[in-house]
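Nothing in this text is a laboratory measurement; each read-out follows from the coordinates by a stated rule. Since we're looking at a predicted model, the values are computed, not measured. Neighbour counts are summed over all protein chains in view; Cβ atoms, including those assigned to glycine, are modelled from backbone coordinates with ideal geometry.
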Amino acid sequence: MPLALQPSFAAGELAPSLHARIDLAKYSVGLALCRNFFVRIHGGVSNRPGFEFIVEAKDTGHPEVRLAPFEYSTIQTYMLLFGHEYIWVLKDGGVVLETDQSVASVTTGSTTTITLSGSHGWNNGDTVYLIGIGGTVGDILNGRFLKISAASGASFQVSVDTTGLSYSSGGKAARVYEISTPYQAQHLRELKFTQSNDVMTITHHSYPVMELSRTGHTSWTLGAVSFVITMPGPSSVTVTPSGLTAGANTLQYAVTAVDEETGEESEATESTAMTYDTWAAGAVVDLSWPAVTGASKYNVYRKRGGVYGFIGVADGTTFQDNNILPDLLDNPPVGRDPFSSSNYPAVPSYYEQRAVFGNTVDDNQRLELSVAGQFHNFSTTPSVKATDAISLSLASRRAEAIRSIVPLDWMLVFTSGGVWKVGTGSDQGLATTTIQAKKQVDQGVARYIEPIVIGSTVLYVQSSEDLVRTIGYKLERDGYAGNNLSVMATHLTVDAEKSFVSWAYAEAPDSIVWGVLDDGSMAALTFVEEHDIWAWHRHDTKGGQFRDVATVREGNADALYAAVERTIGGTTRIYIERLHDRKFVNDQADAFFVDSGLTYSGPAVTEITGIHHLAGESVAVLADANVVDGVTVSSDGKVTLPVAASKVHVGLPITADVQTLPLDVKGSPQTLQGRKKTVASVTLRVQDSRGFWAGPDEDNLVEYAQRDHEDYGDPVSLKTGIARVVIKNDWNDDGQVFIRQTDPLPMTILAAIPDVQVGG
């Protein structure tokens, strides 16, 4: 019987509407189904690792949350959890806590009272983390985040029934570090973020522009931004003429102070106007003013023809004018706040050393750019300096609300109706007199989902919210153009009437864009432009719906955080979980392939505690690399193992499926479509894999018999090489192969070789 080799899966999952398109290059490396597998950059597919449980979001009566990365340096990175009027700070898969306090006693009962060794100053509704509590009560309390009530002095209560349990000694309690915010739950999805160094700028039409700054793990400040000139000018200017006589000409001066640190120039302080006849030889005017705290120098201006022009700089608080000709192209700044009277912008960014804001309440097509190098200063001058703040409205044929701004060589402005490039067309600096805005494409961007920059290409969700497009510079047209990346997998969104609600890009290690759909599943895209790889795959989680995702650099990889809505014990909760890595080559006991999972590592035990967030759930368990079936978490958060183990992963099981496309051979003199086929066996080239099933469809699967030379009781070794499975052969039209992994074990498929027989 002939063999048909599929050496790669680099095209990912293809839409059913393409299952006859064997003329496409992507057909020979595509899949009919790629569920909870992802396409590797070398063409193979691997089942995704599991999501590890971090924390349940704070119960505020509002389930909406939002994740946003905060990156100050390569080692100072955080994930921010925005909820209803609060922010929690996450770092390296954990929650940032305040300094812990010692537990003095625990009073058990239907409600548990905890007393600390000193006054805590905590409030009802705060969340605390408990650890190290001795006695049987510790099995129920340790390792948990709990909301407190009845907070008073040194004690507080938690709603945990500990009746019949005992406390011996020890324990620590630490409050979750929390930042208060004005942001209401219904507005979280609409928040926009940008960051410069250790300051994050946050915008929304319903709130003043806010800045979140960090000086330490538990030292964050959130406050509204003032867009008025903050540097004060001199309180007064004294003018003393010498050699001038009164006459018909007006003489008036203005002095500004320049901030020593920021270079910001104050608004002008004017002198009293005086008159003179003629400026005789030797006549001078002496100016003086009180010193301004923080000023490094002072600029002096003289009025001519109703306009102040620059005449000099003073390092001190005096200046002498001997009839210096004013430079009327250099004027003192005039303060301006374009966002006063609640005219708040919705979109922030930075470009060419300027803060940029777009889409104000009064004009959704307007861009406001700050003074160069001064992000809070939007002042202008009558003569229009090159460094002045810039205002620009996009001149389009129809109303196009600005939705996102991406700074590249040009500033790409994404609107509801297209993409514009804004900047200068020459080497001239960006200024009111040089700025240009040219529309590039007519496909607009989704309202809430920020574009993603990958190399020199920008990916964005189209305004229909169900298509992903690219845009990048094209030399042949000296402009920007792009492609539709959803065309090969329209069944995941367009045909299924699903929309993107969130997405995030993890560059390392696998260059994947993870997109959350409105039904709670994910449509993910492996994208490597230089190798022409763009491959879709789908993901879901048992008993849960993904609601938001975000990535942040942690070490040498990009960590994917997810907000997952789960119903546990009849109660709907929002869990924050982080995608685990796939580093298990040296010890498969490290393989983590469970969702909402936790890991125990320590002395060998038969009872694992602290799994309260999955109480009552049937879970998958990998104990010292052995799969343990039929495990349910007890109501008090425990699981019992048949054999003691020292490394145990417990969590919700993941079903990962791959199905090949209907069999055909490109270049064959006769198509195989329409002819009956049977697949007697399938040979897979696998890498570091174990415990999978294969068959003609998901209802007729055969387990791969993998155990070989291992001693009894030892885990089966991971397989790298050829794995042949004899499957239930049945004559059908398609000749497809279905592969499934249900155990918490790794699976990587590099190639598939079905042994097929073709009939008439």
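Brief remarks follow.
- Net charge contributed by nearby residues that have their C-beta within less than 15 Å of Y253 (K/R +1, D/E -1): -3
- The trypsin sites (Lys or Arg not before Pro) of the stretch 722-760 include none that meets both criteria, a DSSP state outside H, G, I, E and B (loop) and at most 14 other C-beta atoms within 10 angstrom of the site's C-beta.
- Neighbour counts of other Cβ atoms within 10 Å put V702, V176, V658 in the fewest-to-most order V702, V176, V658.
- Projecting label points 7 angstrom from Cα along Cα→Cβ for D699 and A20 puts them 2.5 nm apart.
- Estimated vicinal HN-Hα couplings, Hz - the stretch 394-407 in sequence order (Karplus 6.51, -1.76, 1.60; Gly, Pro = x): 6, 8, 10, 6, 9, 5, 10, 6, 6, 10, 7, 9, 10, x
- Prolate/oblate/rounded label for the stretch 446-540 (Cα gyration tensor, a/c 1.5): prolate
- Net charge of neighbours whose Cβ lies under 11 Å from the Cβ of D697, counting Lys and Arg as +1 and Asp and Glu as -1: -3
- Contact order, relative form, for the stretch 97-176: 45 percent (alpha carbon pairs under 8 Å, 6 or more residues apart, mean separation divided by residue count).
- Residues in the stretch 715-742 that a label on T655 would reach, taking backbone N under 13 Å of a point 7 Å out along Cα→Cβ: 739-742
- Extension gain for the segment E261 to K638, taken as residue separation times 0.36 nm less the Cα-Cα distance, is 129.9 nm to one decimal.
- Shown is the FRET efficiency for A224 and T683, computed with R0 = 60 Å from the Cβ-Cβ distance and rounded to the nearest 0.05: 0.40.
- Separation of the D629 and S73 label points, Cα + 7 Å toward Cβ, nm: 5.2
- Near the amide H of Q101, within less than 5 Å, lie the amide hydrogens of A173, A174, all on another chain or at least 5 residues away, with H placed in the peptide plane.
- Estimated FRET transfer efficiency (D532, V453; beta-carbon r; R0 25 Å; 0.05): 0.85
- Treating r as the C-beta distance of K647 and S717 and R0 as 25 Å, the FRET efficiency rounds to 0.90.
- Segment D587-A395, length gained on full extension (0.36 nm per residue, minus Cα span): 63.0 nm
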